[in-house]
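This report refers to the structure that appears directly beneath it.
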Amino acid sequence: MNDMTTNSTLGVNTRKQSYYELLGVSQDATSTNIREAYFRLKNTYTQTNQALYSLVDHSEIDEISKQVEQAYEVLVNTHSRLEYNRTHGFESNLEEDQIGDEFHRVGATASDVGERFRNFREENLSKRRIRSEEFSTAYKPKPMKSNKLSFDRIKKHVSVDDLGQYESEISDLALDSDWSGDLFIKLRGVSGATQEEIQYHTKISLGFIKSLESDSFAQMPQESYLKGFLSSYLGYLRVPKKDTIIESYLGKYRDWKSQQSN
Amino acid sequence: MDITSYSTKKQPQGQNINHANEWLKERHSQWVAGLPPFAQLFDVHNVPTMISIGGGKGGVGKSFISANLAAKLGSLGFKVLLVDLDLGGANLHTYLGMGSNKLSLADFVLYEQKSFAEVIQPSSANNVDIVSGGKDESWALEGEGNTTGSLALLWESILGAKRNFGYDFVVLDLGAGIHRHTVDFFQSSHLGILSVLPEPTSIENAYTFLKACMSRLIENVGTNKEEFEAAYKTKELLTNPDRSRGVSYAQRIKSMYQEYPHFVEELFYALSGRQLGIVINQVHSQRDVDIGLSMNQICQNFFAFQSVFLGFLNHDDAARKALRNKSLLINDFPHAILTKRIGSVVNQLQKCLGY
């Protein structure tokens, strides 16, 4: 407050405003307050601001704007602000670390900030380490299951001891022109395969196999599906000339269906 | 006519101190420090909250704001007295949808035939009574010297509106220009609302008006404290164009502190007892609103007024339609955006007056 120089060029007996007065902040303002005041004034004193009309002219706006800039540059930097307080006799009863907020303290150099950050990080890291140890003791990880591919599931034909004898037996059965559910059972009896085995390897549902062997057409699927199922069923049992068998069986299925519709 | 000869048409209501607003009670001595010397207070605790609407330029919506603001305050339950002080261009009654009253302020001030109580007329708005301004031609007869005495009577009537008639608010609709009485009423009200259009002409006149208010306040403080020399010197410093480059009013007043410390302290003391509200009228865009915010900043920094940005009123044809329908806007168009804006201005006004 001791800067009482008179402004002789303007002819006004005014002491120069201090930087604090210029920005309109108190002496113990934080750097956030100073920044806010600066932006408010900067936005007010612009050439395009209509609200200044007739109050101040263009050169005055420039002048004020420059002063505000100057004041902000000094006050926003904590070192220069302390220096300004000292030289202009502001009785700042503030300790060095009371000005400014957490990261804008007076005397905080880059290395100080770096050290603070390092300490902070180490603290957090050690915390995290402890946490991970606790975690590992509480929850032991289970050994992972290895899902190996098993090729024995993919099996195209029924396994038979004597292939020549089996085929001759099968072909005798296949000569039967009137194909029905009993013949399917007989065929399966010769091969020694169970219903479940056929279901497992051909992926035909058990219900369908049962309906096939008991001639219950009502539970069978549509014709095209039936054809496919028959093909894979007979193929698994190594039945020769299976196309003729399928045709004859499908003929039977069609007859049943026409009876149903009538 | 004597001040004690009020008719008993309206019974006085609250004469208890507790009824007074806390905000006003706290700042009462500050407020009194800047009053004109001829305004005498009878009861310091029963002062109505004085709100005056000015703006320097004509056609900025002073009467419109006064009428609607008073009606809004009335609808909130306050008893409001609306006084048309636009002497010579009185048309406040038209905004309220009333025909010109036979009894007007002219009968009280100029002709001195009626008492103030007789001049007060009930208005169309709820809880609002009006003193209309009178016919133009009667004010043209106003002489130079003879009005000060009768205006002192008007001052006493207005300041005693709470004690005598129980009004919570007195809303003064001021005229255009910087006539001495206009400025006196503006700077001595608790809240002076500056109505501004976002145009250079209106802004220019508003600043002229504020400058006139400041020099009038300096005069009043000087007279009250009997520091005529200090007041004269300060006024000279403020009005001298050669000395005013780049230095704000606030700074110039502060520079007088070395010579007249007591006077400058008293002046700032008086300034802290009155508020300045800024309302931007006929707003079209956000840029117009920003002018209001900037003006608020300037009033604080440049003039050292305690200023508040009360809000803005958008440009709306509803205002003109309501006028043609001869009814009040907030009653005629209760759902218009403009009505809501008036509501928010009143809300802000109540906040800054501590209601």
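The values are calculated or read from the model by the stated rules, or taken from the named source; none is laboratory data. From a predicted model like this one, the values you see are computed outputs, not experimental measurements. Positions of Cβ are generated from backbone atoms using ideal geometry, with glycine treated the same way; all protein chains shown enter the neighbour counts. The area values use the complete protein model at the heavy-atom level, side chains included, leaving out ligands, DNA and RNA. Shrake-Rupley method; radii C 1.70, N 1.55, O 1.52, S 1.80 Å.
Under the condition of being open to solvent by less than 30 Å² (accessible area, probe 1.4 Å) and under 55 Å from the mean Cα position of the chain (by Cα), which residue from the stretch A:56-76 is farthest from A:V25 (Cα to Cα)?
A:I61
In this structure, is A:S159 without any contact (Cβ under 8 Å) to a residue 12 or more places away in the chain and assigned to a loop (DSSP other than H, G, I, E, B)?
yes
Would you pick out the residues in the stretch A:56-70 that are within 7 Å of chain B (Cβ to nearest Cβ) and of a type in the set (D, E)?
A:E60, A:E63
Output the qualifying pairs, or none if there are none: Cβ atoms under 9 angstrom, residues six or more apart or on different chains, first residue in the stretch B:180-201 and within 10 Å of B:Q275 (Cα to Cα), second residue in a helix (DSSP H, G or I) and among the small types (G, A, S).
B:Q187/B:A212; B:I193/B:S66
Pick from A:S180, A:S191: which is within 17 Å of A:K252 (Cβ to Cβ) and either hydroxyl-bearing (S, T, Y) or open to solvent by less than 30 Å² (accessible area, probe 1.4 Å) (or both)?
A:S180
Within the stretch A:16-55, can you find the residues that are crowded, with 17+ Cβ neighbours inside 10 Å, β-branched (V, I, T) and either more than 7 Å from chain B (Cβ to nearest Cβ) or out of contact with any helix residue (DSSP H, G or I) (no Cβ under 7 Å at 6 or more places or on another chain) (or both)?
A:V25, A:I34
Tell me yes or no: at least one residue of the stretch A:106-116 is farther than 30 Å from A:Y20 by Cβ and either open to solvent by 90 Å² or more (accessible area, probe 1.4 Å) or at pLDDT 70 or above (or both).
Yes, because at least one residue in the stretch A:106-116 is farther than 30 Å from A:Y20 by Cβ and either open to solvent by 90 Å² or more (accessible area, probe 1.4 Å) or at pLDDT 70 or above (or both).
Being within 14 Å of chain A (Cβ to nearest Cβ), at pLDDT 90 or above and in contact with a strand residue (DSSP E or B) (Cβ under 6 Å, 6 or more places away or on another chain), is that true of even one residue in the stretch B:246-254?
no
How many residues, within the stretch B:280-304, are open to solvent by less than 30 Å² (accessible area, probe 1.4 Å) and in contact (Cβ under 8 Å) with a residue 24 or more places away in the chain?
Number satisfying all stated conditions: 11.
For the stretch B:166-186, give me the residue count where each residue is open to solvent by less than 10 Å² (accessible area, probe 1.4 Å), under 16 Å from B:E219 (Cα atoms) and not aromatic (F, W, Y).
2
Are there any helices (runs of 4 or more DSSP H) wholly within the stretch B:20-98 with 2 or more residues that are of a type in the set (G, A, S) and open to solvent by less than 10 Å² (accessible area, probe 1.4 Å), and if so which?
Counting at least 2 such residues, we get B:62-75.
Checking B:K321 against (1) buried (at least 19 other Cβ atoms within 10 Å of the Cβ); (2) charged (D, E, K, R); (3) out of contact with any strand residue (DSSP E or B) (no Cβ under 8 Å at 6 or more places or on another chain), which test does it fail?
Of everything listed in (1) buried (at least 19 other Cβ atoms within 10 Å of the Cβ); (2) charged (D, E, K, R); (3) out of contact with any strand residue (DSSP E or B) (no Cβ under 8 Å at 6 or more places or on another chain), B:K321 misses just condition (1).
Which numbered condition trips up B:G277, out of (1) buried (at least 20 other Cβ atoms within 10 Å of the Cβ); (2) touching a residue at least 40 places away in the same chain (Cβ under 8 Å); (3) part of a helix (DSSP H, G or I)?
Failed condition: (3).
Can you tell which of A:V25, A:V68 is of a type in the set (A, V, I, L, M), modelled with pLDDT of 80 or more and touching an Asp or Glu at 6+ places or on another chain (Cβ under 9 Å)?
When all the criteria are applied, what remains is A:V25.
Can you tell me how many residues within the stretch A:195-249 are within 46 Å of the chain's Cα centre (by Cα) and not acidic (D, E)?
Qualifying residue count for the region: 19.
Could you check how many residues of the stretch A:31-88 are under 27 Å from B:M295 (Cβ atoms) and assigned to a loop (DSSP other than H, G, I, E, B)?
10
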